[in-house]
Structure formats: structure tokens, C-alpha cells
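J.: Can you keep this structure in mind? I'll have questions shortly.
The values are calculated or read from the model by the stated rules, or taken from the named source; none is laboratory data. Predicted model only: the values in this text are computed from it and were never measured. Methodologically, a virtual Cβ is constructed for each residue, glycine included, from the backbone with ideal geometry; neighbour enumeration extends over all protein chains shown.
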Amino acid sequence: MFEVRNVHTGYGQVQVLFGVSLTVNAAEIHCLMGRNGAGKSTLLKAVMGQLPLKQGEILLDGERLDGLPAHLVPKRGIGYVPQGRRLFKELTVSENIEMGLMTRGEGAQTRDWVLDLFPRLSERLDQVAGTLSGGEQQMLATARALCLRPKVLLLDEPTEGLQPSMIEQIRQVVVKMKAEGYAIILVEQRIDAVLSIADRITFIENGKDRETVLPSDVAGNGAILTKYLGV
Amino acid sequence: MDFGPHLMLASLEGAVISAILVLTAMGLSIVFGVMRVVNVAHGEFFMLGAVFAWAVTTMISGHAALGFVAALIIVPVLVGAIAAGVDQLILKRIDYDVDRTIVATIGVLYIVQQSTLMLYGPEARPVEPPFNLRLALPWFEFGENGFQMIWPWGLSVTTYKLFVIGAAIVVLGALWLVLTRTKIGLVMRATQQDRDMAQAFGVPVGQVYSLVFGLGAGLAALGAVLVVPIQQAHYLMGGDPLLLAFIVVIIGGLGSLPGTVIAALLIGMSDGIISVFFSPTLAKIIATFLVAMVLVFRPQGLMGRVAA
């Protein structure tokens with residue numbers, strides 16, 4: 001359903017990805033793992049059309065996304081939760097959600113649905129996003145992306161720097177979205193967070209996808225973790 | 001005239017200067033805030049507004065108010081469209097690079113200025129105000145007969161100047177409503193805060209930039225249409241508004257709209273009052289000195305935030 005084929009890209013002269021391929025199906029959580037600087041976040045930015053591809057294709061339901069102007073990519077149904085959340089910090093919670101809704105012309109129904117998923121946010125609608133706690137900011141970033149009713153959800157280290165109870169809430173929402181039929185690409189550093197929810201895991205190293213495995217292949221296989229993550 | 005009435009007269013002059021300045025500076029501030037572009041050609045859009053206002057009012061015969069209302073509507077849109085064209089043709093091509101946009105807008109400044117000189121000529125041309133009644137203003141004093149109202153000779157204001165002040169307030173109010181209450185305002189604020197994320201949520205950033213650049217220039221042009229009945233249209237008239245707008249934007253805090261309004265009032269009022277009591281040159285000297293002091297002691301400006 002969603003496919004990345006042999007993508008080469010980078011920042012200006014500096015090439016970061018040297019041929020990454022990936023296939024994600026609906027109702028599937030696909031994890032990307034790898035060391036810092038391996039190119040995981042770069043791949044997500046490339047999907048969003050924010051980095052020009054030197055080579056390769058990105059396809060959603062057989063339709064090419066690469067080469068589209070960056071603002072049209074989300075309109076095709078790609079929801080993006082970037083690293084570090086990157087909310088519109090000086091806008092209110094309600095306005096951040098509105099930005100998400102406007103992307104694909106979603107209305108009150110989607111808004112209610114999203115606020116049902118994150119009841120904490122509905123108590124803070126008029127609060128400025130930058131003043132929320134870390135966990136609430138992550139909820140808002142996720143809610144904003146879900147407002148698109150996306151086909152594909154990109155999550156870049158959503159649990160980074162959060163306390164365990166928040167991590168659990170985010171995890172539950174991700175699992176729920178899988179049940180709704182979303183294709184989910186999850187970038188994650190912590191192997192224990194991945195094993196319980198991932199359907200497949202792709203290890204990325206030096207800008208290439210090295211191996212795609214099932215979680216059961218990783219559990220108890222220390223060698224593969226040492227090789228790609230150094231843990 | 002006594003000091004009191006004299007001060008009142010000077011304050012009214014200051015309020016008119018503030019009114020024009022707040023529109024011009026707001027345009028500069030929005031462009032900088034959203035696009036991070038320092039628009040050196042801003043004063044030329046102001047000048048274009050004045051020259052076009054002359055052209056429109058001359059073309060339309062009949063009552064002066066007819067031509068003036070036409071100018072008030074047509075000119076800001078026209079200048080805004082020209083500015084949006086400049087954005088698409090030039091600023092977009094250099095990718096809004098901070099240094100290069102400064103050089104590019106200096107180029108735009110000379111192109112606009114010299115084209116105006118060639119097509120419009122070096123003359124200063126007046127525009128007739130749509131209405132211009134002189135209102136005498138009262139003053140109060142305690143004399144031998146106790147509290148009484150007097151009408152000092154020379155203490156007066158024209159209806160047109162009051163209209164300028166009122167118009168500026170209305171435009172500011174409308175701008176505030178657009179920015180805070182409408183979708184396009186929301187999109188502009190989101191783009192201002194994070195260009196990449198705005199794009200990731202479907203905002204056509206290129207079009208928003210053109211719109212903002214046009215809006216900024218349109219505000220300057222609107223200020224100019226309001227000012228031509230008081231001050232004549234001339235191809236070099238863009239210099240002072242540019243300098244003052246920069247002063248206002250720096251004192252107010254780069255990109256802060258409330259700061260811009262406060263600083264415009266401060267600079268406009270002091271410019272008016274000092275010009276009446278001392279000299280216009282001293283007013284400019286003091287304003288420039290204020291900028292230096294702000295930059296030394298509060299580099300982020302009155303309402304600016306320190307970059308996180």
C-alpha cells in the first residue's frame with residue numbers, strides 16, 4: 001500500500017540515504033531502527049516531500065508522491081509527527097488541531113474523534129501549545145497528525161523524553177490506529193518499546209535498509225541488536 | 001499661543017504621523033515576522049501608493065471624494081499585486097536567503113524609484129483631500145472668572161486629519177481580526193512559527209509568502225493614499241517612511257505586532273511634538289538615538305522575545 005523504493009536523498013551536497021526501500025501495509029506497524037544519524041528521520045522528511053530525491057520513488061496506493069510540491073503530500077493522506085514534536089508553539093491547542101483539520105478539509109466530527117482519543121487536550125483547548133507539558137505536547141502533535149484521517153502515519157520517536165505513563169498512552173493510541181487500518185511507520189530507539197507492538201522491523205544503517213525482520217526474530221537475538229544498535 | 005494649546009496642536013500632528021507610521025511599520029513587521037525578509041524596498045511601495053493615488057484621483061473626474069475613495073480601494077490592491085509579483089519573480093528565486101533578499105530588495109528599491117522618475121517625473125504633485133473642514137478647538141483655563149472655555153487663535157485641526165487617525169485605527173482593528181479570527185490569519189501565524197511544519201500540514205507556503213508580501217506592501221500603500229492629501233506625491237518620498245518604519249520595528253521588537261503599534265505611537269508622537277517645538281531634524285536624531293539605546297540595552301526590542 002505504501003512503498004519506498006530505492007530512495008537516495010540528503011541535505012544539499014551531503015547525501016544521507018543511499019537506497020532505502022520499504023513496504024508498509026494497511027493495519028501494520030512498521031518500525032525503523034538504527035543508530036543516531038543512520039537516516040531514519042531523513043527518510044520521513046523525504047516522504048513528506050521536504051527533501052528532493054536524487055533517485056528512487058515513493059508510492060501510496062500505486063500513486064507517486066515524490067516530486068509533488070511538499071504541501072500536497074499531506075493532502076494525499078500522510079500524517080506526520082516529527083521528532084521533537086514541532087508544534088505551532090504560540091498557537092493554542094485548538095488552533096493546532098484546526099491546522100490539522102484544514103489540511104484535508106476535515107470537520108467537527110474528526111475533531112471530536114481526536115479529542116476523544118486524547119481527553120486531556122479537550123481540557124486545555126485555549127492553552128498556548130508551548131506551555132503544555134512534554135507528554136501533552138506529544139499528544140497534541142499526534143492529535144494534529146490524526147486530524148488528517150491519514151492513510152499513513154509517520155511517527156518520529158514519539159516517546160522520546162516522556163515519563164512511562166505517557167509512553168503507555170501514546171503506545172495505546174498507536175495500537176488503536178493500527179486497528180483502524182492505518183499504515184504506521186514508527187521510528188524508535190528503545191527496543192523494548194518496539195517489540196511489543198511492531199509487526200515488522202527494518203534496521204537502517206549508513207543510509208541503507210539492511211534487514212527487515214519480525215519482532216520474534218529479534219527477541220532473544222542479541223547479535224542483531226549489537227550489530228545495528230550497538231546495545 | 002500658550003504652552004497648553006500648543007502642546008495639544010503638536011500632539012494632534014503627532015497622532016497623524018503615528019497613524020501613517022503604524023500602517024507602514026505594520027507592513028514591514030508582518031513581512032519580517034512571517035517571511036524573515038528585511039524589505040528595503042518597503043518605502044518604495046509607500047511611494048508607489050502615493051503616486052498611484054495621484055494617478056487614480058486625476059483620472060476620475062467629479063467630486064474629489066469620488067476619486068479618493070476609488071484610490072483608497074484600488075491602490076493598495078494594485079501595489080499589493082506588484083509586490084506579490086516581486087516575491088514570485090525575485091525573492092522566491094533566491095530562496096528567501098537572508099543576505100540575498102536584502103541586496104535584492106535594494107535592487108527593487110532603485111528599479112521602482114527610477115521607473116517612477118522616468119514615467120511620472122520629478123515633480124511633487126498634490127492630491128485634493130475629499131473633505132477638509134477646519135475645526136477650531138477649545139481650550140480650558142482658570143482665569144479671573146474661574147473655569148472657562150476659550151478658543152485660542154490657531155488651535156484647530158482639519159476634519160481630514162481626524163479621518164486619517166480614525167482610518168488607521170479601523171485598518172489596524174481589521175488587520176487584527178483577520179490575523180486572529182480567520183483561517184488565512186491562522187495559516188499566516190502557523191507559517192511564521194514553523195515553515196516546514198506548515199508545509200507538512202498542507203500550507204502552500206509559497207502562496208502564503210506572496211500574499212504576506214503583498215499585504216505588507218498594500219498596508220504601506222494604504223498609508224500613502226491617506227498621506228497624499230497632506231503631503232504631496234514625489235518619487236523620493238519613500239526614504240523617510242522606510243527609515244521610520246525600520247526604527248519602529250526595531251524598537252517594538254522584530255516581528256512583534258503589538259510592539260510595532262506601541263513603538264509607532266511613541267515615535268510618531270515624539271516626532272510630531274519635537275518637530276513642532278524644536279525641529280524635525282532633532283526629532284529624527286532622537287528617534288535614531290532611541291534605536292541605538294534599544295539595541296544596546298534591550299536588543300530584542302520592547303515586546304520582542306529572546307530567540308529560544
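J.: Could you tell me whether B:LEU254 is part of a helix (DSSP H, G or I), away from chain A (no Cβ under 14 Å), touching a helix residue (DSSP H, G or I) at 6+ places or on another chain (Cβ under 8 Å) and in contact (Cβ under 8 Å) with a residue 60 or more places away in the chain? It would help to see each step written out before you state the result.
T.: On the way: part of a helix (DSSP H, G or I): no; away from chain A (no Cβ under 14 Å): yes; touching a helix residue (DSSP H, G or I) at 6+ places or on another chain (Cβ under 8 Å): yes; in contact (Cβ under 8 Å) with a residue 60 or more places away in the chain: yes.
Against the criterion (part of a helix (DSSP H, G or I), away from chain A (no Cβ under 14 Å), touching a helix residue (DSSP H, G or I) at 6+ places or on another chain (Cβ under 8 Å) and in contact (Cβ under 8 Å) with a residue 60 or more places away in the chain), B:LEU254 does not qualify.
J.: For B:THR158, state whether it is closer than 30 Å to B:GLY4 by Cα, crowded, with 16+ Cβ neighbours inside 10 Å and of a type in the set (S, T, N, Q). Don't jump to the end; show me each part of the working.
T.: Values: closer than 30 Å to B:GLY4 by Cα: yes; crowded, with 16+ Cβ neighbours inside 10 Å: yes; of a type in the set (S, T, N, Q): yes.
Yes: the conditions hold for B:THR158.
J.: Within region A:80-99, track down each residue that is outside any helix (DSSP H, G or I) and either over 27 Å from A:THR42 (Cβ atoms) or within 9 Å of another protein chain (Cβ to nearest Cβ) (or both).
T.: Let us first name the residues in region A:80-99 that are outside any helix (DSSP H, G or I), namely A:80-92.
Residues satisfying the conditions are A:TYR80, A:PRO82, A:ARG86, A:LEU87, A:PHE88, A:LYS89, A:GLU90, A:LEU91, A:THR92.
J.: Which condition number in (1) touching a Ser or Thr at 6+ places or on another chain (Cβ under 9 Å); (2) within 14 Å of chain B (Cβ to nearest Cβ); (3) aromatic (Phe, Trp, Tyr) is the one that A:PHE118 fails?
T.: Condition (2) is where A:PHE118 drops out.
J.: Let me ask something additional. Among what's in region A:59-83 and is at positive phi and touching a residue at least 40 places away in the same chain (Cβ under 8 Å), pick the residue that is surrounded by the most Cβ atoms within 10 Å (Cβ to Cβ). Spell out the reasoning first.
T.: Start the filter on region A:59-83 by keeping residues that are at positive phi, which leaves A:61-62, A:67, A:77.
Checking the rest, the ones that are also touching a residue at least 40 places away in the same chain (Cβ under 8 Å) come to A:61, A:77.
Numbers: A:ASP61: 12, A:GLY77: 20.
That would be A:GLY77.
J.: Something else about it: Take B:LEU266 and decide whether it is farther than 28 Å from B:GLU128 by Cβ, surrounded by 17 or more Cβ atoms within 10 Å (Cβ to Cβ) and modelled with pLDDT under 90.
T.: On the way: farther than 28 Å from B:GLU128 by Cβ: yes; surrounded by 17 or more Cβ atoms within 10 Å (Cβ to Cβ): yes; modelled with pLDDT under 90: no.
So B:LEU266 does not fit the description; no.
J.: Quick check on this structure: which one of B:THR101, B:THR58 is over 20 Å from the mean Cα position of the chain (by Cα), among the hydroxyl-bearing types (Ser, Thr, Tyr) and under 26 Å from B:LEU186 (Cα atoms)? Let's see the steps before the verdict.
T.: Working: B:THR58 fails: under 26 Å from B:LEU186 (Cα atoms).
Selected residue: B:THR101, the only one of B:THR101, B:THR58 that is over 20 Å from the mean Cα position of the chain (by Cα), among the hydroxyl-bearing types (Ser, Thr, Tyr) and under 26 Å from B:LEU186 (Cα atoms).
J.: In region A:33-52, how many are within 14 Å of chain B (Cβ to nearest Cβ) and assigned to a helix (DSSP H, G or I)? Can you show your working first?
T.: First, pick out the residues of region A:33-52 that are within 14 Å of chain B (Cβ to nearest Cβ): A:41-42, A:44-52.
From the residues that got through so far, the ones that are assigned to a helix (DSSP H, G or I) too are A:41-42, A:44-47.
Qualifying residue count, region A:33-52: 6.
J.: Can I ask one more? Which condition does B:GLN231 not pass, out of (1) modelled with pLDDT of 95 or more; (2) surrounded by fewer than 18 Cβ atoms within 10 Å (Cβ to Cβ); (3) more than 14 Å from chain A (Cβ to nearest Cβ), if it passes all the others?
T.: (1)
J.: Now for a different question. Could you pull out every one of the helices (runs of 4 or more DSSP H) wholly within region A:100-190 that has 1 or more residues that are in contact with a helix residue (DSSP H, G or I) (Cβ under 7 Å, 6 or more places away or on another chain) and in contact (Cβ under 8 Å) with a residue 40 or more places away in the chain? It would help to see each step written out before you state the result.
T.: Values: elements: A:108-117, A:119-122, A:134-146, A:164-179.
Fully inside region A:100-190 and qualifying: A:108-117, A:134-146, A:164-179.
J.: When you check B:LEU282 against the structure, is it at pLDDT 90 or above and over 24 Å from B:VAL164 (Cα atoms), yes or no?
T.: Numbers: at pLDDT 90 or above: yes; over 24 Å from B:VAL164 (Cα atoms): yes.
Considered against the rule, which asks whether it is at pLDDT 90 or above and over 24 Å from B:VAL164 (Cα atoms), B:LEU282 comes out as yes.
J.: Turning to a different aspect of this structure: Being under 15 Å from the mean Cα position of the chain (by Cα) and not in a loop (DSSP other than H, G, I, E, B) is the filter; apply it to region A:61-79 and report the residue that is nearest to the other protein chains (Cβ to nearest Cβ). Before you say what the answer is, go through the steps one by one.
T.: Our first condition is that a residue be under 15 Å from the mean Cα position of the chain (by Cα); within region A:61-79, this holds for A:73-74, A:77-79.
Right, trim to not in a loop (DSSP other than H, G, I, E, B) and you get A:74, A:78-79.
Working: A:PRO74: 5, A:ILE78: 9, A:GLY79: 9 Å.
Applying the filter and picking the extreme gives A:PRO74.
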